[in-house]
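S.K.: Sending over a structure as structure tokens; questions will come in a sec.
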Amino acid sequence: MLKVYALIMLLGILGGVGYAAKYYYDTTQNTIATLRENNAQLEVAVDTAQASVEALQGDIAKMASLNKTLQEDLQKAEAYGDELRGKLSKLNLVVEALKDSKVLEGKMNGATANLWRDFMGGTGNTNEYPLPSWLQQSTAGAGDQNSNQDRENTNTDSSTPEATPAQ
């Protein structure tokens, strides 16, 4: 009988070891499956992060180019502002207005009309719209619609007005 008990005990121990081995194998396989899923998710996350980094680097290069263009435009605008300040420092608008107010009015309206057109074009309006009523020059005025911007003669003496074609 002792042999039977020893055999039952040996079978119990071997069964326990076999069950423990199966349990260890099953949990290891489940852990491996979970780790594979996590690895796949991490690879997708790394690919997404890499694509984001590349997109950001492209955006940085584009922004640097646009910033350089804006800086150049700013320098041009500052130079033009300096030029205008120089011209205005040479002008005496009160004397000009007293000498010939119609010519001064025409020059001012022409410059304002050019600025208005630039604003309209700069905001994406490619259609030609008539000037607003407050910029319309009366037909009695003998002013210059083009201002002095594109002329060689920058003389501001209003006693000798130049005739230029109206736009």
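Since every read-out is calculated from the coordinates, none of them should be taken as a lab result. Predicted model only: the values in this text are computed from it and were never measured. Positions of Cβ are generated from backbone atoms using ideal geometry, with glycine treated the same way; all protein chains shown enter the neighbour counts.
S.K.: With 10 angstrom as the radius, rank 117, 36 by how many other C-beta atoms surround their C-beta, starting from the fewest.
M.R.: Numbers: 117 16, 36 10.
Going from least to most buried by this count: 36, 117.
S.K.: Using a Cα-Cα cut-off of under 22 Å, which lysines could be cross-linked to residue 68, ignoring same-chain neighbours fewer than 8 residues away?
M.R.: 76
S.K.: Can you work out ³J(HN,Hα) from phi for every residue in the stretch 29-45, in order, using Karplus 6.51 cos²θ - 1.76 cosθ + 1.60 and θ = phi - 60°, giving whole Hz and x for Gly and Pro?
M.R.: Listing the rounded values in order: 5, 5, 5, 5, 5, 5, 5, 4, 4, 5, 5, 4, 5, 5, 5, 5, 5 Hz.
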